[in-house]
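What follows is a single structure, written as structure tokens, with notes after it.
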Amino acid sequence: ALASAYNLRGFTESLVAAVENGYWDYALAIRQVEIFQESFELAQRALAEIRTRISLGQLAETEENVVDAELALREQQLIDARNARERARLNLLRLLNPPSAESWDRQVTLIENTVVPEVRLGSALEHEALAIRLRPDLNEARLQARRGELETVQTANGLLPRLDLFIILGKTGYSQSFGKGLADLDGPGYDFTAGLDFELPVHNREKTALDRRARASYQQDLQSIENLKQLISLDVRNGLLEVERSLQQIVASSSRRVLQEEVSRAETVRFEVGTATALDVARVQRDLLESRINEVEAIVNY
């Protein structure tokens, strides 16, 4: 029963983690669609502006091809982003176990925004102690070791001498013939036997082999528990390192996005005064789009 409880706890924790991951995957997909939509609309406005300037004779007609190509690329990215958002929504609904087929069309509104959450991390030793105490896989391994310990007790008992106490009490009919003896079973005659039966195994190879195997298996279970504890400690420390790395990536990606916005504005001004081409503007806007996506991904990963 306890092993089943540990199995249920492990499954529940895994399900909760999957739902949380599905939630943030959907949040990321929504934000990506918004960013790609803004980028697509920006490319549309840029194309309209360039066509106006071409008609006024301020730009060469070749500039329109560059913006057309960029607009087509943004449209492709927007289509892929919308598809990814729909997949993330369906995956999240599946984790929520929809009661009917019509529920697949249900729209999901997220209540948390993709902002940096405030998390206070404790020490690695605190997380290790909690994991070693509560991890279901480790608790199941401990149960398995306890079974092995009981088995060693059982096999060790098979090597011990055996002493049985027995008592036999029966009714007896005394007579000179069998028939008359049966008729005398209601008489006062009784049979009483008591004694000890002692058995000492000599060269009990089968029991000895079973005992050695049980003890070796029990030691193996104990070593497996120690190895699993090391793996759990490694998981905890790697997780803490990943949290710290993700937090630093948020700061770095945010700084890059701010700088890329400045570069994009500067390149747009250069294009307006004729010192840059539409290709230069498209390139820096593409870099700005990438930096915005990276920033949102960093927040969601954290």
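The values are calculated or read from the model by the stated rules, or taken from the named source; none is laboratory data. Predicted, not measured: the structure shown is a model, and the values here were computed from it. All Cβ positions, glycine included, derive from the backbone under ideal geometry; neighbour counts span all protein chains shown. Side chains included, ligands, DNA and RNA excluded: accessible areas come from the protein's heavy atoms. Shrake-Rupley method; radii C 1.70, N 1.55, O 1.52, S 1.80 Å.
Across region 255-277, what is the number of residues that are open to solvent by 50 Å² or more (accessible area, probe 1.4 Å) and polar (S, T, N, Q)?
Residues meeting the conditions: 3.
Could you tell me which residue of region 124-181 is modelled with the lowest pLDDT, considering only residues that are of a type in the set (D, E, K, R), outside any helix (DSSP H, G or I) and surrounded by 11 or more Cβ atoms within 10 Å (Cβ to Cβ)?
Initial filter on region 124-181 (of a type in the set (D, E, K, R)): 126, 128, 133, 135, 137, 140, 142, 146-147, 149, 151, 162, 164, 171, 180.
Then drop every residue that is not outside any helix (DSSP H, G or I), which leaves 135, 162, 164, 171.
Subset that is surrounded by 11 or more Cβ atoms within 10 Å (Cβ to Cβ): 135, 162, 171.
On the way: 135: 87, 162: 75, 171: 71.
Selected residue: 171.
Taking the stated definitions as given, is residue 276 in a helix (DSSP H, G or I) and more than 40 Å from the chain's Cα centre (by Cα)?
Working: in a helix (DSSP H, G or I): no; more than 40 Å from the chain's Cα centre (by Cα): yes.
No, not satisfied.
Would you check if residue 38 is modelled with pLDDT of 85 or more, over 23 Å from residue 105 (Cα atoms) and open to solvent by 70 Å² or more (accessible area, probe 1.4 Å)? Please lay out each step first, then the result.
Numbers: modelled with pLDDT of 85 or more: yes; over 23 Å from residue 105 (Cα atoms): yes; open to solvent by 70 Å² or more (accessible area, probe 1.4 Å): yes.
Yes; evaluated as a whole, the condition is true for this residue.
List the residue pairs whose Cβ atoms are under 7 Å apart, where the first residue sits in region 9-23 and is under 16 Å from residue 134 (Cα atoms) and touching a residue at least 24 places away in the same chain (Cβ under 8 Å), the second is open to solvent by 40 Å² or more (accessible area, probe 1.4 Å) and of a type outside the set (S, T, N, Q), and the two are 6 or more positions apart or on different chains.
10/137
Residue pairs, Cβ under 8 Å, 6 or more apart or interchain, first in region 277-297 and more than 24 Å from residue 248 (Cα to Cα), second among the basic types (Lys, Arg) and in a helix (DSSP H, G or I). List them.
That search, which allows pairs on different chains as well, returns 280/270.
Give me the pairs: first residue in region 66-83 and open to solvent by 30 Å² or more (accessible area, probe 1.4 Å), second residue not in a helix (DSSP H, G or I), beta-carbon distance under 9 Å, and six or more apart or on different chains, which are they?
Within 9 Å, the pairs are 66/277.
Check whether at least one residue in region 98-105 is modelled with pLDDT of 85 or more, open to solvent by 100 Å² or more (accessible area, probe 1.4 Å) and either touching an Asp or Glu at 6+ places or on another chain (Cβ under 9 Å) or among the β-branched types (Val, Ile, Thr) (or both), and report yes or no. I'd like the intermediate steps shown before the answer.
As a first pass, look at region 98-105 and keep what is modelled with pLDDT of 85 or more: 104-105.
Filter once more, keeping what is open to solvent by 100 Å² or more (accessible area, probe 1.4 Å): 105.
Imposing the further condition that a residue be either touching an Asp or Glu at 6+ places or on another chain (Cβ under 9 Å) or among the β-branched types (Val, Ile, Thr) (or both) reduces the set to none.
Taking every residue of region 98-105 in turn, none turns out to be modelled with pLDDT of 85 or more, open to solvent by 100 Å² or more (accessible area, probe 1.4 Å) and either touching an Asp or Glu at 6+ places or on another chain (Cβ under 9 Å) or among the β-branched types (Val, Ile, Thr) (or both).
Of all residues in region 194-247, which are within 30 Å of residue 143 (Cα to Cα), within 29 Å of the chain's Cα centre (by Cα) and among the basic types (Lys, Arg)?
Scanning region 194-247 gives 229, 237.
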